[in-house]
Amino acid sequence: MKILRFKHGGIPCAFPHARVRRVASAPDGPSATLWPALPSEEATRWVEIDAKTGGAWISCSDLRVEELGAPQPLPALVSGLIGVAHVVGWARFDDEVVWLVDPARLELA
């Protein structure tokens, strides 16, 4: 599966490339955060995705398209600790753990 890998608030994340509407230098619609406890950051790029309730812009840096090899489901304990329904798994790229996000589960405020 082709994914868009990026950093959001400095945290490595990825979601399916097919859920990406477009990439821009600034959002022109509602934005969302993947990690509610993080302070806002200065984004180098913005990605518009298909979220649960429509389009949403996510701030990000270090964007790259890659093939996802072996995703791992998120253990129930970890899911309960991080408390965000849109993080559904993880994968390892080289020495970096990347959180896998399902944009269809991302609710806008």
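The numbers here are math on the coordinates, done by the rules we state, and not lab data. Since we're looking at a predicted model, the values are computed, not measured. Here the Cβ is made from the backbone with ideal geometry for all residues, glycine too, and neighbour counts use every protein chain on show.
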Requested in this report: May I ask you to evaluate 6.51 cos²θ - 1.76 cosθ + 1.60, the Karplus curve with θ = phi - 60°, for each residue of the range 21-26 and list the ³J(HN,Hα) values in order in whole Hz, giving x for glycine and proline?
Outcome: 7, 6, 10, 8, 8, 8
Query - Potential lengthening between TRP35 and ALA104 on full extension [0.36 nm per residue; Cα-Cα distance subtracted] - result: 23.3 nm
Query raised in the report: Sorting TRP57, TRP46, TRP35 on the 10 Å Cβ count, fewest up front, what's the list?
Result: TRP35, TRP46, TRP57
Requested in this report: Sticking with the crude label model, points 7 Å out along Cα→Cβ, report the distance from ARG64 to ARG92 in nm, one decimal please.
Outcome: 1.8 nm
Report summary line: Taking R0 as 25 Å and r as the Cβ-Cβ distance between LEU81 and ARG21, the FRET efficiency 1/(1 + (r/R0)^6), rounded to the nearest 0.05, comes to 0.20
Query - 3J(HN,Hα) from dihedral phi, the range 72-84, Karplus parametrisation 6.51/-1.76/1.60, rounded to Hz, x for glycine, proline - result: 10, x, 7, x, 4, 4, 5, 4, x, 6, 7, x, 10
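For the chain, calculate the relative contact order in percent as a whole number, restricting contacts to Cα pairs under 8 Å that are 6 or more residues apart.
Relative contact order here is 31 percent.
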**Report entry** In order through the range 29-37: 3J(HN,Hα) via Karplus (6.51 cos²θ - 1.76 cosθ + 1.60), integer Hz, x for Gly, Pro
**Finding:** x, x, 10, 9, 10, 7, 10, x, 7
Query raised in the report: Which order results if LEU68, LEU81, LEU108 are arranged by neighbouring Cβ count within 10 Å, fewest first?
Result: LEU81, LEU108, LEU68
